[in-house]
Amino acid sequence: MWVARVRGPDGAERSKAFRTRIEAERFTASSEVSKARGEWVDPALGRISLSDWASVWLDAVEPALKPKTVRSYESLINSRITPAIGYYAIGDLAPMDVQRWVNAMRSDELSASRIRQAHVVLSQVLTAAVREGRIGRNVALGIKLPPIPRKEAEYFEPDVVERIASSVREPYDLLVRLLGRLGPRFGEAAALRRRSVNLLTKRLTIEESIAEVSGRLVFGPTKTHAIRKLPLPPSLAADFKRHLEKGVGLEPDALVFTSPTGTPLRYRNFMRRVWRPTLEDLELPNVGVHVLRHSAAAALIQSGASATAVQKILGHRSAAFTLTVYGHIFDTDLDLVAENLDQAGMVGGAALEPRRGPKKLGGGLFAPGS
């Protein structure tokens, strides 16, 4: 072991051990540069183990997170981070250590999605350490991660969605129609309250979601923490009117959809008691309820909705994400686009006269000639 000794800006001497002389010399040289730049980090602050610092970090951020997110972070820290690299001091962790950790998870045939989730948590933990002045940089950045294979989202055509809804007992037929036509997440639909339904303006307000965390149902904000309004088609508005009149309490906070015993609707129970038996009876593929969200997206796109409109209705963070997931459905309309382009250049069946060449404006911009 080689020990590097440096003096901090306060004049006190600090030391740090390294495996080789070269590493120790690099540390002393980089420390002098960091002091000159005002970026010096006390090595002693980086001696806390990664597992201990991850616990400190999670305790600090927990109040700002949804319970389901906290549970997910805990699972990743306890199963993927702590057992493999938790013994490292955060100041000793190197980019190659993180890369080897990622490679080991790939060797264990962990899914690309799960590996990326674990890496995101580690990166957040180390970013907090940088922000607190315990380490100089986040060594999890720039790591080569496995690509996530993109699969085209599968969906049911509107007539199949209606077949499913017609085979389901009330009021879950309305729930299926809602999920399959407007695409809210199941937790968002299960959290709808009487005040969420405005039959006068034909709008449905999505402002809450419900999730099951360790067997306990928890109400909270939507996935994106945003409130959005969905346009109710007249037929769906009429269905909601009938259901509100005979099946929902008069209190503004009364849940629109509940279990047969009047308790909040649980996803697992709905899957087991309603969804899967219905698919089996109709001889349809055994897919999850989330297929209805994809079916709604396809129906919206096929009805002429733009990527931005679909994004707003589904509650995606960006239209770019919508195009990434549903681009293949937009592609099916390319022939229609081509036909419309031809029609745009025709008046009364005759082609328009070609315009004169573009006229150059200041700044290198062009505008059509008059």
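Readers should treat all values here as calculations from the given coordinates under stated rules, not as data from a laboratory. Source: prediction; values computed, not measured. Note that we place each Cβ from the backbone using ideal geometry, even for glycine, and neighbour counts take in every protein chain shown.
So here's what we get for this one:
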item: Too-long pairs where the Cα-Cα distance tops 18 Å, listed order kept, from Lys229/Lys312; Lys202/Lys229; Lys202/Lys312; Lys66/Lys223; Lys66/Lys229; Lys202/Lys241; result: Lys66/Lys229
item: Taking the chain and dividing mean pair separation by its residue count, relative contact order in percent (alpha carbons under 8 Å, at least six apart); result: 13
item: Cα-based Rg and Dmax for region 51-117, where Dmax is the largest Cα-Cα distance (Å); result: 12.7, 35
item: Restricting region 81-178 to GluC sites (Glu not before Pro) in coil, as DSSP defines it, with at most 16 other Cβ within 10 Å; result: Glu109, Glu132, Glu152, Glu154
item: Kirkwood estimate for region 1-142, i.e. one over the average of 1/r between Cα atoms, Å; result: 16.2
item: Using alpha carbons only: equivalent-ellipsoid semi-axes of region 249-302, gyration tensor based, whole Å; result: 25, 18, 8
item: Residue exposure sequence - Ile22, Ile77 - by fewest surrounding Cβ within 10 Å; result: Ile22, Ile77
item: Within the chain, longest stretch free of exposed trypsin sites (Lys or Arg not before Pro) [DSSP loop, at most 14 other beta carbons within 10 Å]; result: 170-316
item: Largest-first ellipsoid semi-axes for region 158-330, taking √(5λ) over the Cα gyration tensor eigenvalues, angstrom; result: 23, 20, 17
item: Length added when fully stretched, Val213-Arg317, from 0.36 nm per residue minus Cα-Cα; result: 35.1 nm
item: Rounded to whole Å, sorted largest first: equivalent-ellipsoid semi-axes of region 217-296, Cα gyration tensor; result: 23, 17, 17
item: Ranking of Val130, Val3 by count of other Cβ atoms within 10 Å, fewest first; result: Val3, Val130
item: Sorted by Cβ density within 10 Å, fewest first, the residues Met1, Met271; result: Met1, Met271
item: Mean projection area, nm², convex hull over Cα of region 146-187; result: 4.2
item: Rounded to 10°, Cα long-axis angle of helix 67-76 versus longest principal axis of the chain; result: 50
item: Span from the region 208-259 Cα centroid across to the region 68-141 one, whole angstrom; result: 37
item: Those residues of region 153-195 whose amide nitrogen sits under 11 Å from the label point placed on Val287, 7 Å along Cα→Cβ; result: 153-158, 160-161
item: Descending principal axes extents, the chain, alpha-carbon based, whole Å; result: 80, 73, 40
item: Helix 234-247 vs. the chain, principal-axis angle (Cα, 0 to 90°, nearest 10); result: 80
item: Compactness of region 148-240 - radius of gyration and Dmax, Cα, Å; result: 14.5, 44
